[in-house]
1. Examine segment 117-125 for a residue that is touching a Pro at 6+ places or on another chain (Cβ under 7 Å) and touching a residue at least 60 places away in the same chain (Cβ under 8 Å), and state whether such a residue exists.
2. Of everything in segment 26-59, what is of a type outside the set (S, T, N, Q), exposed (fewer than 14 other Cβ atoms within 10 Å of the Cβ) and over 14 Å from the mean Cα position of the chain (by Cα)? Give them in sequence order.
3. Scan segment 100-124 for residues that are within 15 Å of the chain's Cα centre (by Cα), farther than 18 Å from LEU13 by Cβ and either assigned to a loop (DSSP other than H, G, I, E, B) or hydrophobic (A, V, I, L, M, F, W, C) (or both) and jot them down.
4. Could you run through segment 152-163 and say how many residues are farther than 18 Å from PHE41 by Cα, surrounded by fewer than 18 Cβ atoms within 10 Å (Cβ to Cβ) and at pLDDT below 95?
5. Please work out which one of (1) surrounded by 14 or more Cβ atoms within 10 Å (Cβ to Cβ); (2) in contact (Cβ under 8 Å) with a residue 40 or more places away in the chain; (3) of a type in the set (Asp, Glu) is the condition GLU134 fails and give its number.
6. Every residue in segment 1-21 that is over 20 Å from LYS102 (Cα atoms) and part of a strand (DSSP E or B), please.
7. LEU147: within 18 Å of LEU47 (Cα to Cα), modelled with pLDDT under 95 and over 13 Å from the mean Cα position of the chain (by Cα), yes or no?
8. Looking at (1) of a type in the set (Gly, Ala, Ser); (2) farther than 23 Å from ARG28 by Cα; (3) without any contact (Cβ under 8 Å) to a residue 40 or more places away in the chain, can you tell me which one ALA139 breaks?
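The values are calculated or read from the model by the stated rules, or taken from the named source; none is laboratory data. None of the values given here were measured: they were computed from a predicted structure. Methodologically, a virtual Cβ is constructed for each residue, glycine included, from the backbone with ideal geometry; neighbour enumeration extends over all protein chains shown.
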Amino acid sequence: MNDLPEIFDVVDLNDRVVDQQPRSLVHRLGLRHRAVHTLLFNTHGELFLQKRSHSKDLNPGLWDSSCSGHLHAGEAYEKAAWRELTEELGLAEPIPLRPVGKLAAGQETGNEFIWVYQGQCDGPFVLDPEEISEGRFLAITALEEELQAAPGRFSPAFVHLWSRLRHRFLLREAR
């Protein structure tokens, strides 16, 4: 096990690296940093959601994107998305990812600049129990209903990114 602290790039308002600091300090001081979220849809158009492990320091036990994570210092967004797919969902074979949009760092994102990627995969997934307690595919209409009825069951970052990007997936489902 690696006992070295995770090091993040600290970025300015334009997402340019200005420093590097340990994860704990970045979160404690609310410094701007970088993250990725990936939304995986199956061949039926359903979105895979993960329920964050109860041992997570941020948003434990809440439903979230298919996978997500912070960028390591010096890491590119897309590379981080691939790394997270491997670490959290156990994907051994690469799948095509398409960038969907970028969210600005702010209160809703935990001061993270977030690139959101989309891919298609039916699984099977091998969920990392330290990261994820369970996962499920959900139709977009069912997701919309759950978000309306109980938004507190979802991570704040997911609620924010879905509210900003949902129109892209609603249009897709309507086709």
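1. Yes: one or more hits.
2. Selection gives ARG28, LEU29, GLY30, HIS44, HIS54, ASP57.
3. Result: VAL100, VAL116.
4. Total satisfying the criteria: 1.
5. (1)
6. ILE7, ASP19, GLN20, GLN21
7. Against the criterion (within 18 Å of LEU47 (Cα to Cα), modelled with pLDDT under 95 and over 13 Å from the mean Cα position of the chain (by Cα)), LEU147 does not qualify.
8. With respect to (1) of a type in the set (Gly, Ala, Ser); (2) farther than 23 Å from ARG28 by Cα; (3) without any contact (Cβ under 8 Å) to a residue 40 or more places away in the chain, ALA139 is out only on (3).
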